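Just below is one structure, and these are the notes that go with it.
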Amino acid sequence: SKIAREIERFEPPIFAILSLALKSIKTDDILLGLGYQAIYAKIYDEAVKYFSELKNEEGLIGILRAYIEKGDYKKAIDTYVEYFKIADKNSFKYSKVKEAFTKQTLYYAEKFYEAKKYKEAFNYFELLSKYSYDREEGDIAILKCGLIALNEKDYKKAEEFFLQAIKNEPKNADEEASFQLGIVYYAMNQKSKSFETFNSFLKKFPQSNNIEKAKEWIELIKKEN
């Protein structure tokens with residue numbers, strides 16, 4: 001079973017031995033060995049069946065690998081979420097799985113975002129905002145959730161995400177979130193709040209590329225008041 005997992009190639013004799021053994025002894029080791037041999041043989045649905053019987057972290061990691069190698073990223077991301085529910089968050093393995101989840105989910109979300117499929121993009125950015133909020137990618141995902149909500153004219157939700165991005169650590173989305181928050185308040189007809197937000201933006205981010213735009217918003221609000 002150990003060889004079956006670590007050899008990184010399909011070996012029919014090993015698979016046959018483990019398949020025979022499984023009829024008499026159903027252990028986690030045998031199921032893991034069969035699962036990984038099935039992955040190496042590229043029979044991914046069979047691999048998922050073996051791993052699904054384990055009902056533990058190792059089984060979910062195996063399922064993840066099967067779906068990723070199969071190219072079924074939607075099911076892979078769903079499996080990451082299941083893994084996060086039961087995994088030991090202090091383990092090294094958890095940090096590695098989280099790193100892979102962050103990269104793959106961000107890639108998937110950005111693809112939808114670029115294609116203007118905002119509903120699908122939002123779902124995956126929101127997962128990143130929940131499980132990877134403490135990483136730079138998660139911080140950007142929170143910002144993107146706000147931008148999508150703003151685009152959909154869901155101003156209350158946009159406000160919540162922009163405020164979360166500003167509050168969140170790390171701080172790489174603060175500048176854009178602060179600027180967009182001013183726009184949200186204007187759209188919500190909270191013009192005094194919008195005015196204050198843009199003024200605060202000028203003080204906090206004097207080197208921003210949005211400085212001139214912020215000044216234009218301030219002048220607009222002054223005229224309307």
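In percent, rounded to a whole number, the relative contact order of the chain is 9, using alpha-carbon pairs under 8 Å and six or more apart. Computed on the stretch 49-126, with alpha-carbon pairs under 8 angstrom and 6+ residues apart, the relative contact order is 19 percent.
Spin-label model, LYS119/GLU224: points 7 Å from Cα along the beta carbon direction are separated by 3.0 nm.
The separation of the stretch 61-138 from the stretch 162-225, counted between C-alpha centres, amounts to 31 Å.
Accessible surface area normalised per residue over the stretch 78-142 is 56 Å², counting heavy atoms of protein chains with a 1.4 Å rolling probe. Quick one: angle between helix 12-22 and the longest Cα principal axis of the chain, in degrees between 0 and 90, rounded to 10, please. The helix 12-22 is inclined about 90 degrees to the chain. Qualifying trypsin sites (Lys or Arg not before Pro) in the stretch 79-125, where qualification requires a DSSP coil assignment and no more than 14 other C-beta atoms within 10 Å, comprise LYS89, LYS116, LYS117.
Hydrodynamic analysis of the stretch 77-190 uses the Kirkwood radius over alpha carbon pairs. Inserted into Stokes-Einstein at 20 °C and 1.002 mPa s, it gives a translational diffusion coefficient of 149 µm²/s.
Once the chain from ILE86 to ILE43 is taken as fully extended at 0.36 nm per residue, the excess over their C-alpha distance is 12.8 nm. Kirkwood hydrodynamic radius of the stretch 137-225, from the reciprocal of the average inverse Cα-Cα distance over all distinct pairs: 12.8 Å. Between LEU163 and LYS213, the simple spin-label model (points 7 angstrom out along Cα→Cβ) gives 2.3 nm. Label separation (ASN172 vs SER95): 1.8 nm, computed from points 7 Å beyond Cα along the C-beta direction. The ellipsoid equivalent to the alpha-carbon distribution of the stretch 1-128 has semi-axes of 31, 16, 11 angstrom, derived from the gyration tensor eigenvalues as √(5λ) and listed largest first. Here are some values of semi-axes √(5λ) of the Cα gyration tensor in Å: [x] 50, 15, 13; [y] 34, 23, 13; [z] 47, 18, 13. Which one was computed from this structure? Only one listed value fits the structure, namely [x]. Gain on full extension, evaluated as 0.36 nm per residue between TYR73 and GLU110 minus their Cα-Cα distance, stands at 12.0 nm. Build a GNM of the chain with springs between Cα atoms under 10 Å apart, and of ILE77, ILE148, ILE86 the one that fluctuates most is ILE86. What a 1.4 Å probe finds exposed on the stretch 21-114 is 53% carbon and sulfur by accessible area, rounded to a whole percent.
The values are calculated or read from the model by the stated rules, or taken from the named source; none is laboratory data. Just so you know, these numbers come straight off a predicted model, no measurement behind them. Heads up, the Cβs are rebuilt from the backbone with ideal geometry, glycines too, and the neighbour counts pull from every protein chain shown. These accessible areas exclude ligands, DNA and RNA; they are computed on the full protein's heavy atoms, side chains included. Shrake-Rupley method; radii C 1.70, N 1.55, O 1.52, S 1.80 Å.
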